[in-house]
Amino acid sequence: MKYLYLLLCLSFSTQAQFVLDKSPNLHGSFSVDSQALCQVAKNTVAYMQQYPEDSFAVHAGNQVIEQATLARVKKTLSYVCQMPLQSLTLDGLKQHFDFYHWLPDKTQANKLAKASDNQVKKRLLTQIPEQQIFLTKYYSKLLKGSEVQTKEFNQALYALPFDEQGLTIEQALQQKDHLTRFKYTRQQIIGGVLNKQKLAKPLVWISEQALHDVLLQGTGVLDVNGKRRYFNVHRNNGINYDYTLGKTEQARYWYFAEVEGVLGYGTDIENKIPIAADVAFAGNVKQLGLGKLFLIQFETSKTPSVHLGVLADQGGAFDNNLFQLDWLKSSYFGWKDYFQANKHFPDYAKAWLLLKKADSK
């Protein structure tokens, strides 16, 4: 009956759905860093409680699932830290949580595939299975760089332009027609307009390829004189991410700030959520709502694998996107070492939204 229900759902609609799965077929290896998961959950709840006015992210989900009230989402995250270790098993999860199987929005994925000239992206979007989501991975970018500009390290991570220092986001938006941040594309900045006119402070100098990578990943990690330093995206130039373009073609550009560690969602650099590898996802926060607990399951060449993580980050690629999650991995210098460490992970995975059962102690 369960599978008949899923087929009926798919036959009537190709939009994303979250279907109650009373008997999730969970199998394979399952291990989770419970301390890291708990910390990300706590950090996310803290943001939700401190910034309830953030209607973009702090909500139960826009027509996603009726059972996911904001109070229940918060209780689910709090319960992650209360669970005894013996309950952190697949059977324990089924005992304490309701599972809602995520059926992806293939209509939107196919629409984006048709519009894209990137053949790899077109193939990946077109081939999303009916009952699995598109699972991408992202990482914090390990950087080689310099405190001064050189021939090799000729692109900067720039701080917020001088004419915007001290302005809140609201104040900046009121003055956007006059501010440096909104005037230039990524290509113009790579061409040197900020440096030539001394419009913003270079925080650190890196290569052009590294710049494209860190603009995509959102966080740069750099060892400078024996000290590890973190740089996170701060505010962008107001140009939307274009899903149909490759990373070097994007006009969107981010200004950076130096921070304490890897950060996820937040309205500004001061309130971004600290996150951790393997237990955090980026996704469509606008429609799903911040703080959703997701379980993913997939087959690898080694063994079936199950993982837990919190929706605590977002990005431009997730606008009107209910077919994808982006899984935070570790820190890498670039695609080659990232790929070597993660090549056994597939492009698609079954995904469930987990909500604490009302009677779970």
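The values are calculated or read from the model by the stated rules, or taken from the named source; none is laboratory data. Here the structure is a predicted model, which means the values were calculated and not measured. Don't worry about glycine lacking a Cβ; one is built from the backbone with ideal geometry, like all the others, and counts go over all protein chains shown.
Just to be sure before I move on: is THR244 closer than 30 Å to GLN119 by Cβ, of a type in the set (Ser, Thr, Tyr) and within 19 Å of the chain's Cα centre (by Cα) in the structure I sent?
Judged against the criteria, THR244 is a match.
Restricting to region 252-287, name every residue that is within 16 Å of VAL40 (Cβ to Cβ) and of a type in the set (Lys, Arg).
Within region 252-287, LYS272 is the sole residue that qualifies.
Within region 233-266, how many residues turn out to be among the polar types (S, T, N, Q) and crowded, with 19+ Cβ neighbours inside 10 Å?
Qualifying residue count for the region: 2.
Can you pull out the residues in region 63-78 that are of a type in the set (Ser, Thr, Tyr) and touching a residue at least 12 places away in the same chain (Cβ under 8 Å)? Write out each step before concluding.
First, pick out the residues of region 63-78 that are of a type in the set (Ser, Thr, Tyr): 69, 76, 78.
If the condition is that a residue be of a type in the set (Ser, Thr, Tyr) and touching a residue at least 12 places away in the same chain (Cβ under 8 Å), then THR76, SER78 are the ones that fit.
For region 332-356, give me each residue that is assigned to a strand (DSSP E or B) and either at pLDDT 90 or above or among the hydrophobic types (A, V, I, L, M, F, W, C) (or both).
Passing the criteria: TYR348, ALA349, LYS350, ALA351, TRP352, LEU353, LEU354, LEU355, LYS356.
Among the residues of region 303-318, is there at least one that is among the aromatic types (Phe, Trp, Tyr) and in contact with a Phe, Trp or Tyr (Cβ under 8 Å, 6 or more places away or on another chain)?
No, the conditions are met nowhere in region 303-318.
Within region 68-106, how many residues turn out to be closer than 30 Å to THR126 by Cβ and acidic (Asp, Glu)? If you could, list the steps in order and put the result at the bottom.
Let us first name the residues in region 68-106 that are closer than 30 Å to THR126 by Cβ, namely 68, 99-106.
Right, trim to acidic (Asp, Glu) and you get 105.
Total satisfying the criteria: 1.
Which ranges mark the strands (runs of 3 or more DSSP E) fully within region 132-224 that have 2 or more residues being in contact (Cβ under 8 Å) with a residue 12 or more places away in the chain, among the polar types (S, T, N, Q) and in contact with a strand residue (DSSP E or B) (Cβ under 7 Å, 6 or more places away or on another chain)?
Output list reads 133-143.
Specify which of the listed residues (PHE333, PHE323, PHE298) is of a type in the set (A, V, I, L, M, F, W, C), assigned by TED's automatic domain parsing to the domain that holds THR107 and within 17 Å of the chain's Cα centre (by Cα). Full working, then the answer.
Numbers: PHE333 fails: within 17 Å of the chain's Cα centre (by Cα); PHE298 fails: within 17 Å of the chain's Cα centre (by Cα).
Matching residue, one of PHE333, PHE323, PHE298: PHE323.
Going by the conditions given, is GLY309 free of Cβ contacts under 8 Å to residues at least 60 places away in the same chain and buried (at least 21 other Cβ atoms within 10 Å of the Cβ)? Spell out the reasoning first.
Working: free of Cβ contacts under 8 Å to residues at least 60 places away in the same chain: no; buried (at least 21 other Cβ atoms within 10 Å of the Cβ): yes.
It is false that GLY309 is free of Cβ contacts under 8 Å to residues at least 60 places away in the same chain and buried (at least 21 other Cβ atoms within 10 Å of the Cβ).
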